[in-house]
């Protein structure tokens, strides 16, 4: 069974790009466009990893991460922050990695493989 990565980003172009990138490399995906939606989908889908944008409408990534950290079933899910915000590394200290937009797809895939395998 393929590992599942949840993509949380409000930019449909980035979401589509990540879906294609992960799908072409053997991963399943699910998506959410903001933190509020992401929490409900994560509870249902139980992803193996998440990519998380920080600046989104409705609920920012940092607020979503605080909720995630308190959920006994989801708190250990690895998170990769993909953001264009400066000082993003200060907001989510336990993230597996922090990638700037635009990001290097090869670096992202290497990070994913190190964190959850194939």
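Data overview
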{"read-out": "Output for the range 61-74, where each listed residue is in a loop (DSSP other than H, G, I, E, B) and either out of contact with any helix residue (DSSP H, G or I) (no Cβ under 6 Å at 6 or more places or on another chain) or surrounded by fewer than 16 Cβ atoms within 10 Å (Cβ to Cβ) (or both)", "value": "71, 72, 73"}
{"read-out": "Unmet criterion (only one of (1) closer than 21 Å to residue 101 by Cβ; (2) under 13 Å from the mean Cα position of the chain (by Cα)) for residue 13", "value": "(2)"}
{"read-out": "Condition check for residue 77: in contact with a helix residue (DSSP H, G or I) (Cβ under 8 Å, 6 or more places away or on another chain), at pLDDT 95 or above and in a loop (DSSP other than H, G, I, E, B)", "value": "yes"}
{"read-out": "Criterion: part of a loop (DSSP other than H, G, I, E, B) and either modelled with pLDDT under 95 or on the phi > 0 side of the Ramachandran plot (or both) - qualifying residue of 54, 99", "value": "54"}
{"read-out": "Within the range 10-50, tally of residues that are in contact with a strand residue (DSSP E or B) (Cβ under 9 Å, 6 or more places away or on another chain), modelled with pLDDT of 95 or more, assigned to a loop (DSSP other than H, G, I, E, B) and surrounded by 14 or more Cβ atoms within 10 Å (Cβ to Cβ)", "value": "3"}
{"read-out": "Residues of the range 32-50 satisfying the condition of being over 14 Å from residue 76 (Cα atoms) and under 10 Å from the mean Cα position of the chain (by Cα)", "value": "32, 38"}
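The values are calculated or read from the model by the stated rules, or taken from the named source; none is laboratory data. This structure is a prediction, so every number in the text was calculated from the model and none was measured. Note: ideal-geometry Cβ built from the backbone for every residue, glycine included; neighbour counts use all protein chains shown.
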